[in-house]
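Working notes for the structure below.
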Amino acid sequence: MVKKITLQGILFDEKSSYLRGPALAPPLIRKAYHSESANYFSENGEEVLPDLFDDKGDFSIHSYFDIEKITSKNLESNGPLITLGGDHSITYPILKAIHKIYGQVDILHIDAHADLYDNFEGDKFSHACPFARIMEDELASRLVQIGIRTLSKHQAAQADKFGVEIMQMKDFDGHQLPKFENPIYLSLDIDGLDPAFAPGVSHHEPGGLSTREVLDIIQNINVPIIGADIVEYNPTRDSHGMTAMVSAKLLKEIAAKIISSR
Ligand code: MN
Ligand code: MN
């Protein structure tokens, strides 16, 4: 019996630096995934039916440090894990839980922002910092970032220090995507997409990836995906649920990729 994909929603946006809202995202992404406007087929022909998921539901978070415990508990079912966020701060505690089972993993991180600040406005757990914490704790053997278009001097220095491989948006080439040798964790910040395609984010950063480019990146991943998160969808900034639908499509395609690589 093939293991199901474990699905968890993390209702948390307290580490957002600018606007709240991503805590509202998980149920809306689920609703878009079930929308009668679309079927459950992915582009590679896999039917991503709801029963492929072991859906643990959405979790209200009272303390940031509970995210690791909740994720560890949900990982007990041993399936690949997809998390619906939540702001991007949740990726650090999720990776701590992943590390306990898998050890160091390679990470593919799609984002407008490198999220490598040592601290942001005094908070080391801000959504601007998760990848600094992940690299300091040596939770990742490799970190590859795509879509970055806000690289500050401090973050460039942090990237050098941690050996982060960054394909900045200005240099993006869909035919020269990084190749992986080990299974990966995929961390997908919706603001990596251009706000024209995904307006429902707190930080509109023009000049980003198209939905098509992100789908191509996912479909071209050449190794198994052990876990993924879809973070930073902010429903309070969305227009007609468009970004919920984009997030749901990305969920479906990531799930299809996981299923087809079994
Ligand atoms: Mn981010
Ligand atoms: Mn971002």
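Below are the figures for this structure:
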item	result
Size of electric dipole in the chain: Cβ of Lys, Arg +1 and of Asp, Glu -1, about Cα centre, debye, nearest 20	340
Cα gyration tensor shape for segment 159-262, rounded if a/c is under 1.5, else prolate or oblate	oblate
Rounded, prolate or oblate (a/c below 1.5 giving rounded, otherwise prolate when a/b exceeds b/c) for segment 5-236 by Cα gyration tensor	rounded
Span-like helix ranges in the chain, DSSP H, alpha carbon extent 18 angstrom or more, Kyte mean at least 0.0	242-260
Solvent-accessible area, 1.4 Å probe, carbon plus sulfur percent, for the chain	51
Average accessible surface area per residue within the chain, 1.4 Å rolling probe, Å²	41
For peptides 35-42, 93-100, 230-237, sequence by mean Cβ density within 10 Å, most packed first	230-237, 93-100, 35-42
Rounded, prolate or oblate (a/c below 1.5 giving rounded, otherwise prolate when a/b exceeds b/c) for segment 82-140 by Cα gyration tensor	prolate
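The values are calculated or read from the model by the stated rules, or taken from the named source; none is laboratory data. Owing to the predicted nature of the structure, the values given are computational and were not obtained by experimental measurement. Don't worry about glycine lacking a Cβ; one is built from the backbone with ideal geometry, like all the others, and counts go over all protein chains shown. Side chains are part of the model used for accessible areas, which takes the heavy atoms of the whole protein and leaves out ligands, DNA and RNA. Shrake-Rupley method; radii C 1.70, N 1.55, O 1.52, S 1.80 Å.
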